[in-house]
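See below for the structure under consideration.
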Amino acid sequence: DPGLAATRVFVRDLVAFAPGAGGGGGGSGVVMATIVLLSLLVAYIPLTHMSHFIGKYFAYHAIRWADEPNLPGGPLERKIGEVLQRPISWSAPHIAGDGKKSWADVATEEQEK
């Protein structure tokens, strides 16, 4: 497979920081600079707010379009039941969680006005 052989030489040259040394063609300085700059950008993204955008993008689509029904006795109902039994460890005036209440307790109690 000539394409694989050329790719193998290109990747070897890329790792060795020797553009075009293997004679694989396509290892020009412009291509190498582009790959290095793109690699630096990909390494930098987790340190920025951009990573939040990427996570939010995928989470939005998973939440928006994953419309699995919550059927009685189904796996989603079981998961929701487990989450509702978790204790609330933080306190806010509208929640008043003290580490003893669960999410089900808070969701079903009457709010004072």
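Among Asp13, Asp98, Asp67, the largest mean-square fluctuation in a Gaussian network model of the chain, built with springs joining Cα atoms closer than 10 Å, belongs to Asp98. Computed per residue of the chain from DSSP H runs no shorter than four, each worth -39500 (n - 2.57), the mean residue ellipticity at 222 nm is -17000 deg cm²/dmol.
With both labels modelled 7 Å from their Cα along Cα-to-Cβ, the Leu76 to Ala107 distance reads 1.3 nm.
Across segment 39-45, computed HN-Hα scalar couplings (Karplus, 6.51 cos²θ - 1.76 cosθ + 1.60, θ = phi - 60°) run 5, 5, 4, 5, 6, 7, 4 Hz from first to last residue, x flagging Gly and Pro. Summed over the residues of the chain and divided among them, the accessible surface reaches 82 Å² per residue at a probe radius of 1.4 Å. Percent of C-alpha pairs per 10 Å bin in segment 36-84, short distances first: 21, 28, 24, 18, 9, 0. In the chain the Cα-Cα distances spread across 10 Å bins starting at 0 as 11, 19, 18, 18, 11, 15, 8, 1 percent of all pairs. Computed extension gain for Lys100 through Phe58, at 0.36 nm per residue and net of the alpha carbon distance, reaches 11.7 nm.
Over segment 56-99, what lengths in whole Å, largest first, do the semi-axes of the equivalent ellipsoid take, defined as the square roots of 5 times the eigenvalues of the alpha-carbon gyration tensor? The partial results should precede the final answer.
Working: eigenvalues 137, 64, 12 Å².
Value: 26, 18, 8 Å, ordered largest first.
Element breakdown for the chain at a 1.4 angstrom probe: carbon and sulfur atoms account for 66% of the accessible area.
The values are calculated or read from the model by the stated rules, or taken from the named source; none is laboratory data. This one's a predicted model, so the numbers in the text were calculated from it and none came from an experiment. Backbone-built Cβ (ideal geometry, glycine too); neighbour counts: all protein chains shown. Heavy atoms of the whole protein, side chains included, go into the accessibility calculation; ligands, DNA and RNA do not. Shrake-Rupley method; radii C 1.70, N 1.55, O 1.52, S 1.80 Å.
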